[in-house]
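Notes follow once the structure below has been shown.
The values are calculated or read from the model by the stated rules, or taken from the named source; none is laboratory data. The model shown is predicted, which means the values in this text are computed figures rather than measured ones. Cβ coordinates were reconstructed from backbone atoms using ideal geometry, including for glycine residues, and neighbour counts include every protein chain displayed.
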Amino acid sequence: MNAPIPHDSARLTLMLNELRLPTIGRLWPEFAQRADKEGWQATRLLGALLEHELAERAKRRIERHRTESRLDPTKTLATFDFSMVPMVSKAHVMALATGDAWLEKGANVLVFGPPGGGKSHLGSAIGHSLIDAGYRVLFTRTSELVQKLQAARQSLQLPATLAKLDRFDLIILDDLSYARKDQAETSVLFELIAERYERRSLLITANQPFSGWENVFPDPGMTIAAIDRLVHHSTIFEMNVESYRRRTATDKQSSRRQSSSDNDSHDDNDEGGGATTMTP
């Protein structure tokens, strides 16, 4: 049996870099020393190093996907207050956040409600959880994406652009109601919806119900066709609650009023309470 070929540390580092195994390159001296000390078998040493390499790759991949998603890092499930939207089932949201079946069949999530009710936060929170689960997500203002798709159509690049968007398991179209047919050629939005139908998922937030979508698409027929495709396989949340921003402003105003009232009361007590009545 041939003797194993010895390798010095520098040579091993070069080979690991060439193979793009940076985690093993960083950890192997420590693990090798421990293996020698504790009498590990070669398979245990190799397995431990490979497990760390794979874990670091998964971590870096998630970090890349989170960066490309353009999600607000503060809008997660941990920061979403379900008590403010009692009509939204937390269990249902948590189930969606795992991905699995609904993403595999290209189902959609539609979130309706007035401005400031938490629609974007809910959508972003689901997006973050899906990235943690290994999926790719893109968050975009609907009007912004419409402009990009329109520019792609004008340069005869629309099919290629739609193909690039296909790499995302979920596209979150925020504020669909703000995309207006008189501001851009929104038929490209319908093409995106039709292209992803039953293949890739969409999560849409909108301030207006379906009856108000006639202002988004160029004609009633396209509006009906878009809605039909979206609702065929969908989960719909209606978040008809008071604006979070308005609630916050109201709470702050009430707090200031209470503080002012307390100060006035304190001042009155100071003025009337400075003298002490003495009983003979």
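Given (1) within 17 Å of the chain's Cα centre (by Cα); (2) in a helix (DSSP H, G or I); (3) of a type in the set (Lys, Arg), where does Lys75 come up short, assuming only one miss?
(2)
Under 6 Å between Cβ atoms, at least 6 apart or on separate chains: pull out the pairs that start in the range 209-234 with a residue that is closer than 15 Å to Leu192 by Cα and in the same structural domain as Ala179 (by TED's automatic domain parsing) and end on any residue that is modelled with pLDDT under 95 and acidic (Asp, Glu).
Pairs found: Thr223/Glu214.
Here is a list: Ser83, Ser120. Which entry is polar (S, T, N, Q), at negative phi, assigned to a helix (DSSP H, G or I) and in contact with an Asp or Glu (Cβ under 8 Å, 6 or more places away or on another chain)?
Exactly one residue qualifies, and that residue is Ser120.
Just one of (1) exposed (fewer than 14 other Cβ atoms within 10 Å of the Cβ); (2) assigned by TED's automatic domain parsing to the domain that holds Ile126; (3) of a type in the set (Ser, Thr, Tyr) trips up Thr43, so point out which.
Here Thr43 clears every test but (2).
Tally the residues that are touching a helix residue (DSSP H, G or I) at 6+ places or on another chain (Cβ under 9 Å) and at pLDDT below 95, restricting the search to the range 86-112.
2
So, Tyr178, is that one surrounded by fewer than 21 Cβ atoms within 10 Å (Cβ to Cβ), closer than 30 Å to Arg64 by Cα and at pLDDT 95 or above or not?
The answer is no for Tyr178.
Right, Asp8: more than 39 Å from the chain's Cα centre (by Cα) and acidic (Asp, Glu) or not?
When the stated conditions are applied, Asp8 passes them.
I want to confirm something. Restricting to the range 86-107 and keeping residues that are touching a strand residue (DSSP E or B) at 6+ places or on another chain (Cβ under 7 Å) and assigned to a loop (DSSP other than H, G, I, E, B), which single residue is farthest from Leu173 (Cα to Cα)?
Met87
Tell me which residues, restricted to the range 134-164, are among the aliphatic types (A, V, I, L, M), under 30 Å from Leu54 (Cβ atoms) and surrounded by fewer than 18 Cβ atoms within 10 Å (Cβ to Cβ).
Of everything in the range 134-164, just one residue is among the aliphatic types (A, V, I, L, M), under 30 Å from Leu54 (Cβ atoms) and surrounded by fewer than 18 Cβ atoms within 10 Å (Cβ to Cβ), namely Ala163.
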